[in-house]
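I have placed the structure first, in the form of structure tokens, so that the comments after it can refer back to it.
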Amino acid sequence: MLILHTSDLLAEAYAARLLASLAGVALEIRHLDIHPGRDHETDAFRVLSPLGRLPVLEGAGAPLADWQAVLCAIATRGDTPARADAPGWWRGADPAFIGWLGMARDLAASAGVARLHEGLGVPADGAALRAAAHALLREVERHLWFAERAGQRWLLAGEGPCAADIACYVHIALCEEGGIARMDYPAIRRWVDRIRHLPGYIVTSGTFAPPAPAPVRQPVRA
Amino acid sequence: MSGRGPWVPVAASADLAPGHVYQTMLAGQGLALWRGDDGAVNVWEDRCPHRGVRFSAGDVVGGELRCVYHAWRFAAGSGACTFIPAQPNAKVPRAIHATPWPVAEVAGLVWTALAAQGAPPADLAGEVLRALPVNRPAAAVAQEAAALMAAHPALRLFVQPLAADRAVIRGLAAGVDIMAADLLLEAARRRLEDAALMEAAAC
């Protein structure tokens with residue numbers, strides 16, 4: 001059984017939980033209080049995660065304390081033989097996939113830190129981080145706009161989303177909490193909606209579940 | 001530059017995906033755009049009358065706009081509120097409604113107007129370019145757009161003022177590779193935004 005050490009405050013942890021839910025991978029969740037508590041800085045936790053980072057995944061070989069390593073373990077477990085014909089959650093042989101995972105790290109370091117700065121008081125130069133995030137978002141927008149034009153609905157060509165979509169999604173979906181608006185990025189906004197509507201989508205604080213289909217309403221008597 | 005009369009393009013037709021609410025702004029006023037089941041586009045003030053939450057954070061469900069906050073529903077066209085889940089059996093007061101703006105869909109672009117006078121633009125053709133938001137006032141962007149059109153007659157460009165210091169370049173290209181046109185617009189944006197940085201540095 002995979003064990004995920006997580007905090008509901010962190011976008012990277014949400015990425016792991018969201019990917020697991022979308023990919024049908026069961027997780028045993030262990031919550032840490034990182035604020036105001038400091039569970040991630042205890043000696044015991046440092047054994048699992050020397051840099052004190054979250055999320056951490058146990059049960060897939062040695063403990064994994066890098067969020068994208070965690071996504072890799074979850075994604076490859078989700079790419080079961082039954083799904084062998086589908087492009088899959090993990091596309092490690094595709095250079096574009098590696099590039100988009102890199103973009104996700106860049107978004108974490110800009111939009112992600114801006115969010116932690118606003119929400120948890122992490123010291124940072126908010127204006128510089130927001131400017132850096134907008135430069136990245138302009139490139140994501142350009143990519144998704146031309147992708148849509150080619151009939152593509154996700155970051156990579158193929159039938160469905162992959163782990164790179166989820167890695168980028170969590171920072172983009174939560175970026176408004178760091179003072180970064182998404183109005184300038186309509187293709188990104190449509191892509192965010194498509195991810196929200198995926199079967200198995202789960203929310204975190206700051207995201208919203210897609211609506212159920214319109215209910216049948218009783219007519220109001222005059 | 002903004003088209004015939006007061007009409008301004010604020011979205012591409014292709015921006016209005018099924019179920020999705022598109023977000024933009026015109027002269028400081030937030031706008032929410034969505035396509036109803038009848039195919040007609042709705043341009044509304046981006047503000048639910050309940051608690052002021054942006055309609056653009058919501059969804060289109062059953063041909064109506066559903067606000068993300070308390071799931072109030074609003075009808076296409078009139079903008080009348082049709083359903084308040086917290087009071088499912090009550091008749092919704094007629095005073096509760098969205099605020100619609102004028103709308104016209106021409107040449108693959110969606111147009112609105114601060115005050116609708118005269119007909120929407122006509123005689124436009126070409127493929128719709130990717131819209132580029134620029135962090136410069138509309139006047140500066142319009143000047144650059146005029147220079148681009150003079151150099152490239154296949155381009156027909158429009159400027160949508162977002163707020164005092166920001167504007168969007170939109171346009172149509174007849175017989176020009178869209179990616180090449182996109183590179184031209186990106187270069188223009190860099191010129192506009194770098195100029196602002198140099199002005200700021202010189203102060």
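One table, with the values for the structure above:
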quantity: Breaking point among (1) at pLDDT below 95; (2) more than 9 Å from every other protein chain (Cβ to nearest Cβ), for residue A:222; calculated: (2)
quantity: Hits in region B:159-181 (condition: open to solvent by 10 Å² or more (accessible area, probe 1.4 Å) and not in a strand (DSSP E or B)); calculated: B:164, B:165, B:174, B:175, B:176, B:177, B:179, B:180
quantity: Positions within region B:75-93 being within 12 Å of chain A (Cβ to nearest Cβ) and not in a loop (DSSP other than H, G, I, E, B), in sequence order; calculated: B:82, B:83
quantity: Residue A:112 being under 16 Å from residue A:175 (Cα atoms) and either in a helix (DSSP H, G or I) or of a type in the set (Lys, Arg) (or both); calculated: yes
quantity: All positions within region B:182-192 that are within 11 Å of chain A (Cβ to nearest Cβ) and open to solvent by less than 30 Å² (accessible area, probe 1.4 Å); calculated: B:182, B:185, B:189
quantity: Test: residue in region A:167-187 that is within 22 Å of residue B:179 (Cα to Cα) and either of a type in the set (Gly, Ala, Ser) or surrounded by fewer than 21 Cβ atoms within 10 Å (Cβ to Cβ) (or both); calculated: yes
quantity: Output for region A:149-166, where each listed residue is open to solvent by 50 Å² or more (accessible area, probe 1.4 Å) and on the phi < 0 side of the Ramachandran plot; calculated: A:149, A:150, A:153, A:157, A:159
quantity: Residue match in region B:11-24 (condition: out of contact with any Leu (no Cβ under 6 Å at 6 or more places or on another chain), open to solvent by 10 Å² or more (accessible area, probe 1.4 Å) and away from chain A (no Cβ under 14 Å)); calculated: no
quantity: Filter result for the condition that a residue is surrounded by fewer than 16 Cβ atoms within 10 Å (Cβ to Cβ) and part of a helix (DSSP H, G or I), over A:75, A:96; calculated: A:96
quantity: Residue match in region A:81-97 (condition: touching a residue at least 40 places away in the same chain (Cβ under 8 Å), in contact with a helix residue (DSSP H, G or I) (Cβ under 8 Å, 6 or more places away or on another chain) and on the phi > 0 side of the Ramachandran plot); calculated: yes
quantity: Of all residues making up region A:198-213, the number that are away from chain B (no Cβ under 11 Å), closer than 17 Å to residue B:61 by Cα and open to solvent by 70 Å² or more (accessible area, probe 1.4 Å); calculated: 0
quantity: All positions within region A:47-62 that are without any contact (Cβ under 8 Å) to a residue 40 or more places away in the chain and touching a helix residue (DSSP H, G or I) at 6+ places or on another chain (Cβ under 7 Å); calculated: A:52
quantity: Whichever residue in region B:43-60 is open to solvent by 10 Å² or more (accessible area, probe 1.4 Å) and either assigned to a strand (DSSP E or B) or within 10 Å of another protein chain (Cβ to nearest Cβ) (or both) and, among such residues, is farthest from residue B:128 (Cα to Cα); calculated: B:54
quantity: Options A:38, A:17: the member that is touching a residue at least 12 places away in the same chain (Cβ under 8 Å) and outside the structural domain of residue A:163 (by TED's automatic domain parsing); calculated: A:17
quantity: Unmet criterion (only one of (1) in a loop (DSSP other than H, G, I, E, B); (2) touching a residue at least 40 places away in the same chain (Cβ under 8 Å); (3) not assigned by TED's automatic domain parsing to the domain that holds residue B:51) for residue B:102; calculated: (3)
quantity: Enumeration of residues in region B:125-144 that are open to solvent by less than 60 Å² (accessible area, probe 1.4 Å) and over 18 Å from residue B:177 (Cα atoms); calculated: B:133, B:134, B:136, B:137, B:138, B:140, B:141, B:142, B:144
quantity: Subset of region B:109-135 (residues that are closer than 17 Å to residue B:24 by Cβ, at pLDDT 95 or above and part of a loop (DSSP other than H, G, I, E, B)); calculated: B:129, B:130, B:131, B:135
quantity: Residue within region B:141-164 that is more than 24 Å from residue A:193 (Cα to Cα) and in the same structural domain as residue B:46 (by TED's automatic domain parsing) present; calculated: no
quantity: Options A:182, A:194, A:153; residue that is touching a Lys or Arg at 6+ places or on another chain (Cβ under 7 Å), more than 22 Å from residue A:115 (Cα to Cα), part of a loop (DSSP other than H, G, I, E, B) and not small (Gly, Ala, Ser); calculated: A:153
quantity: Of all residues making up region B:61-74, the number that are more than 8 Å from chain A (Cβ to nearest Cβ), open to solvent by 20 Å² or more (accessible area, probe 1.4 Å) and either touching a residue at least 24 places away in the same chain (Cβ under 8 Å) or not in a loop (DSSP other than H, G, I, E, B) (or both); calculated: 1
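The values are calculated or read from the model by the stated rules, or taken from the named source; none is laboratory data. Owing to the predicted nature of the structure, the values given are computational and were not obtained by experimental measurement. Ideal geometry is used to build each Cβ from the backbone, glycine not excepted, and the neighbour counts take in all protein chains shown. The accessibility values were calculated without ligands, DNA or RNA, using every heavy atom of the protein model including side chains. Shrake-Rupley method; radii C 1.70, N 1.55, O 1.52, S 1.80 Å.
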